[in-house]
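To start, the structure under review is shown below, and the notes come after it.
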Amino acid sequence: MGTASKKILVTGGVGYIGSHTCIELIASGYDIVVYDNLSNSNIEAIKRVEQITDKEIEFVQGDLLDETLLTQIFSQHQFFAVVHFAGLKAVGESVAQPLKYYKNNVAGTVNLLEVMQHHQVFNFVFSSSATVYGDPEQLPITETAPRSTTNPYGRTKLIIEYMLEDLCASDPRWQVVSLRYFNPVGAHDSGKIGEDPNGIPNNLMPYISQVAVGKLEKLRIFGNDYPTVDGTGVRDFIHVVDLAKGHISAIDYLVKNSTDKKESIGFFAVNLGTGSGTSVLQLVNAFTEATGQIVNYEFSPRRAGDVASCYAQVDLAEQNLNWQAHLDIYDMCKDTWHWQSQNPNGYEK
Ligand code: NAD
Ligand code: UDP
């Protein structure tokens, strides 16, 4: 079976990273079925993906907790792999409503894995996060760094990673690539799809772009006394299109491993980042340089739970997945602005 005939289930495929990944999956010749309950996304994103790719997408509106519907989908399709984006991701909300997060993210993933097992689909790509590294002891962060987290959202990611490790240890037919994303930003260069947060954004880049477009008055920079280049926090921002391509590399890796009938890869965790850190102030300045837009800001106290610096060691992805990020911080700013300025109200829910 060649790549062209392989079918992939994309859970959470209507969301920010999922929608960008759908484009790359289609461009690489994979057939896709998107499964999403639209709890944090708008179906318009899929319509735009259809416009960009000129391909009709099979979409099922459903919840990870709906085992009956999942079973039905797996009976109708022979999937090679599941790319699992579906999950809730708001740190603050997870502190206020932890059970919602454990149920949706952890129980939802258990359900999905059970249905996969029942239908003998054993290839899995998981959306993990640099949050599993907690406050890193060493930089850049390697995949073998100790794991810990500081909030319920992060704990759902960590619990799912442990669960996937146990599953792989129990049965070598399971092959899991756990992609630990650093800070995804940017948008597709068409300007048709991008990040569309609900309400006031928690994350830096959407906040910057909403200040630039005039929806928010000014950015508050959380802390200017960190031990960093200019005192503001440092992160490894990665363009969402590079990130999306990382998923194709992960699936290609699973395909190759299955075709070559090599030993199971078991549980394989890989960082997806650029490998270099950018400070909050550097990002604000890059945004102005790339777009000509002034971003008003003021310094305010540190945000609870934030770490000073976080950036990835990316050798493993290069060596094993043959993947590396190509787009720089200016591309990230330019494409964010393209999306934001063309869609000031996002998908207009
Ligand atoms: P997103 O909210 O835009 O996309 C997630 C999608 O999953 C949404 O379309 C939502 O409707 C869907 N969903 C949620 N719960 C579901 C359920 N029970 N059943 C079916 N669908 C459900 O988020 P994103 O930024 O695209 O993130 C995708 C994944 O990557 C998430 O698992 C997130 O935790 C992880 N991640 C994101 C970031 C980030 O900064 N964006 C960083 C690291 C990891
Ligand atoms: N940040 C900020 N103002 C904001 C949002 C974020 O100064 O309105 C800072 C934050 O303190 C951190 C960096 O930007 O140093 C990245 O934050 P984000 O929430 O985007 O990602 P994460 O905290 O998950 O790395």
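Rule-based calculations on the coordinates, nothing more; no lab input. The model shown is predicted, which means the values in this text are computed figures rather than measured ones. Ideal geometry is used to build each Cβ from the backbone, glycine not excepted, and the neighbour counts take in all protein chains shown.
Overview of values
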item	result
Packing-based exposure ordering (other Cβ within 10 Å, fewest first) of Cys310, Cys168, Cys22	Cys168, Cys310, Cys22
Distance (nanometres) between label positions extended 7 Å along Cα→Cβ at Ala27 and Asn203	1.9
Positive-end residue of Pro140, Asn105, Thr336, charge dipole of the chain with Cβ unit charges	Asn105
Kirkwood hydrodynamic radius (C-alpha pairs) into Stokes-Einstein, segment 210-349, 20 °C and 1.002 mPa s, D in µm²/s	124
Two-decimal Rg/Rh across segment 271-349, once Rg and the Kirkwood Rh are taken from alpha-carbon atoms	1.04
30 Å Cα-Cα reach of Lys334 towards lysines, excluding residues that sit fewer than 8 places from it in its own chain	Lys47, Lys55, Lys89, Lys192, Lys215, Lys218, Lys245, Lys349
Gyration tensor verdict on segment 216-260 (Cα atoms; rounded if a/c is under 1.5, prolate if a/b is larger than b/c, oblate otherwise)	prolate
Part-to-part distance (alpha-carbon centres) for segment 1-45 and segment 191-219, which is given in Å	24
Additional length obtainable on full extension of the chain from Asp260 to Glu50, 0.36 nm per residue less Cα span	72.3 nm
Segment 259-320 versus segment 238-253: alpha-carbon centroid distance in Å	14
Magnitude of the charge dipole, segment 183-267, Cβ model with Lys/Arg +1 and Asp/Glu -1, debye to 20	160
Sorted by Cβ neighbour density within 10 Å, fewest at the top, the residues Arg180, Arg302, Arg48, Arg147	Arg302, Arg147, Arg48, Arg180
Fewest-first sequence of Ser300, Ser19, Ser276 by Cβ atoms within 10 Å of each Cβ	Ser300, Ser276, Ser19
Cα-derived Rg to Rh of the chain, Kirkwood definition	0.95
Long-range HN-HN contacts of Thr142 with modeled amide H, under 5 Å	Gln313
